[in-house]
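Written below as structure tokens is the structure these notes are about.
The values are calculated or read from the model by the stated rules, or taken from the named source; none is laboratory data. The model shown is predicted, which means the values in this text are computed figures rather than measured ones. Positions of Cβ are generated from backbone atoms using ideal geometry, with glycine treated the same way; all protein chains shown enter the neighbour counts. Just so you know, the surface numbers come from the protein's heavy atoms only, side chains and all, with ligands and any DNA or RNA stripped out. Shrake-Rupley method; radii C 1.70, N 1.55, O 1.52, S 1.80 Å.
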Amino acid sequence: AALWEQLLGLALRGAPGAGGAAGPAGAPGTGAPGGVGVARRGHAPCSSGSLRFAAALRAELDARLFGQHLARDVILKAVAGFFNNPSPKKPLVLSLHGWTGTGKNFVSQILAENVHKGGLRSKFVHLFVSTLHFLRSDQIPLYTDQLQSWIRGNVSACARSVFIFDEMDKLHPGLIDAIKPFLDYYEQIDGISYQRAIFIFLSNAGGDLITQVALDFWRSGRAREDIQLKDLDSALSLAVYNNKNSGFWRSRLIDRNLIDYFVPFLPLEYKHVKMCIHTEMQSRGLQPDEAVVEKVAAEMTFFPRDERIYSDKGCKTVQSKIDVY
């Protein structure tokens, strides 16, 4: 931990090698979360967004995100409003919820790519993985100091910094409250404005609730697309807040209403899995073969056991299964 802290201090002073490829292992010589160092002035320009941003994001989500009408609409609304506001009062804060393979990481990646060239490889995009960067429960005070320093240093260098926190359901409760001041309605904190930054949280917490709502709609004969945010929003935020196994347990970020949107990702049906397979094959330069698509989809497991409606891993294992063919 001491070495981590020393290296973080070097990165905050703009030490050589502080900017590297994003990834949970970190770049050589930094020891920092996501391997992304504090952006140094005079190097790659920091994006300020544009009116074309929302249109480009919409086109990409429409083409690459399947079965997630709620997530698509909420994210587009939130992002368009934020980027078209010349004077936001607080950072944009999104919390993405749903089971594995439903598109949470995928959407955060697309969003990062549209804000900063290079996406997760950009020195202005910072990825934190709970089970890697904040593993030890006896180091929470140290993690708190490091996290605050990391955000402070990077936002001072790039106002439009993007911070992604993955596996929020595995984060030690209370730790995320360390960043509460940066998400609040402050014009400046110690001379730094955080109002143009973007914070994205990814979590499996609330997945049961989201699935149950989707299943209730299916069993009552109502269309999946009829599910609205009001059917999930309040119950989802409350479930996450009261989940003792979640990083948001009793979090001040929730009780102070600092999370702008709780975004539900619905479980994926058989037809959505097939769409994922088609897209993956096309991305490899392969002509989608319906027989292969059916074989790959048939290897996925679905639930509930009797009805077999939803893929239990979403589209997460599609890539590895296509490799076999």
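Of the residues making up segment 215-258, those that are open to solvent by 90 Å² or more (accessible area, probe 1.4 Å) and within 17 Å of Lys170 (Cα to Cα) are Lys244, Asn245, Arg250.
For (1) out of contact with any Leu (no Cβ under 6 Å at 6 or more places or on another chain); (2) surrounded by fewer than 19 Cβ atoms within 10 Å (Cβ to Cβ), each residue gets a yes or a no:
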| site | (1), (2) |
| --- | --- |
| Lys104 | no, no |
| His126 | yes, no |
| Leu132 | yes, yes |
| Val155 | yes, no |
| Ser161 | yes, no |
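The condition (being of a type in the set (A, V, I, L, M, F, W, C), in contact with a Pro (Cβ under 7 Å, 6 or more places away or on another chain) and over 17 Å from Phe262 (Cα atoms)) is satisfied by just one residue among Val129, Val155: Val129.
Which of the residues spanning segment 106-122 are farther than 24 Å from Tyr261 by Cα and open to solvent by 40 Å² or more (accessible area, probe 1.4 Å)? It would help to see each step written out before you state the result.
If we filter segment 106-122 for residues that are farther than 24 Å from Tyr261 by Cα, which is where we start, we get 117-118, 121-122.
Lys117, Arg121 - these are the residues of segment 106-122 that are farther than 24 Å from Tyr261 by Cα and open to solvent by 40 Å² or more (accessible area, probe 1.4 Å).
Among the residues of segment 69-88, those that are touching a helix residue (DSSP H, G or I) at 6+ places or on another chain (Cβ under 8 Å) and either part of a loop (DSSP other than H, G, I, E, B) or small (Gly, Ala, Ser) (or both) comprise Ala71, Ala80, Asn84, Pro88.
Regarding Arg222, is this residue within 30 Å of Arg308 (Cα to Cα) and at pLDDT 95 or above? Criteria met by Arg222. Within segment 200-227, residues that are closer than 30 Å to Pro91 by Cα reach partners that are at pLDDT 95 or above and among the hydroxyl-bearing types (Ser, Thr, Tyr) with beta carbons closer than 6 Å, at six or more positions or on different chains, in the pairs Ile200/Ser108; Phe201/Ser95.
Per the listing Phe248, Phe217, the residue uniquely closer than 23 Å to Ser137 by Cα and among the aromatic types (Phe, Trp, Tyr) is Phe248.
Do you know which residues across segment 305-322 are of a type outside the set (Val, Ile, Thr), touching a strand residue (DSSP E or B) at 6+ places or on another chain (Cβ under 9 Å) and open to solvent by less than 30 Å² (accessible area, probe 1.4 Å)?
Those that are of a type outside the set (Val, Ile, Thr), touching a strand residue (DSSP E or B) at 6+ places or on another chain (Cβ under 9 Å) and open to solvent by less than 30 Å² (accessible area, probe 1.4 Å): Tyr310, Ser311.
Only one of the numbered conditions (1) open to solvent by less than 10 Å² (accessible area, probe 1.4 Å); (2) modelled with pLDDT of 95 or more is violated by Lys90, and that is (1). Looking across segment 294-304, the residues that are in a helix (DSSP H, G or I), open to solvent by 30 Å² or more (accessible area, probe 1.4 Å) and not small (Gly, Ala, Ser) come down to Glu294, Lys295. Taken as a whole, segment 192-205 holds no residue that is open to solvent by less than 10 Å² (accessible area, probe 1.4 Å) and assigned to a helix (DSSP H, G or I). Could you say whether any residue in segment 35-51 is assigned to a helix (DSSP H, G or I), open to solvent by less than 10 Å² (accessible area, probe 1.4 Å) and modelled with pLDDT under 70? Yes: one or more hits.
Only one of the listed residues (Lys170, Lys180) is touching a Lys or Arg at 6+ places or on another chain (Cβ under 6 Å) and either among the basic types (Lys, Arg) or more than 30 Å from His272 (Cα to Cα) (or both). That residue is Lys180. Taking first residues from segment 78-89 that are on the phi < 0 side of the Ramachandran plot and partners that are of a type in the set (Lys, Arg) and assigned to a loop (DSSP other than H, G, I, E, B), the Cβ contacts under 7 Å between residues at least 6 apart in sequence or on separate chains come to Pro88/Arg196.
Keeping to segment 122-142, report how many residues are under 16 Å from Phe165 (Cα atoms) and free of Cβ contacts under 8 Å to residues at least 24 places away in the same chain. Residues meeting the conditions: 1. For segment 265-286, the criterion of a residue being open to solvent by 70 Å² or more (accessible area, probe 1.4 Å), without any contact (Cβ under 8 Å) to a residue 60 or more places away in the chain, part of a loop (DSSP other than H, G, I, E, B) and hydroxyl-bearing (Ser, Thr, Tyr) is satisfied by no position. Just give me the residues in segment 98-150 being of a type in the set (Val, Ile, Thr) and over 25 Å from Ala71 (Cβ atoms), in sequence order. Selection gives Ile140, Thr144.
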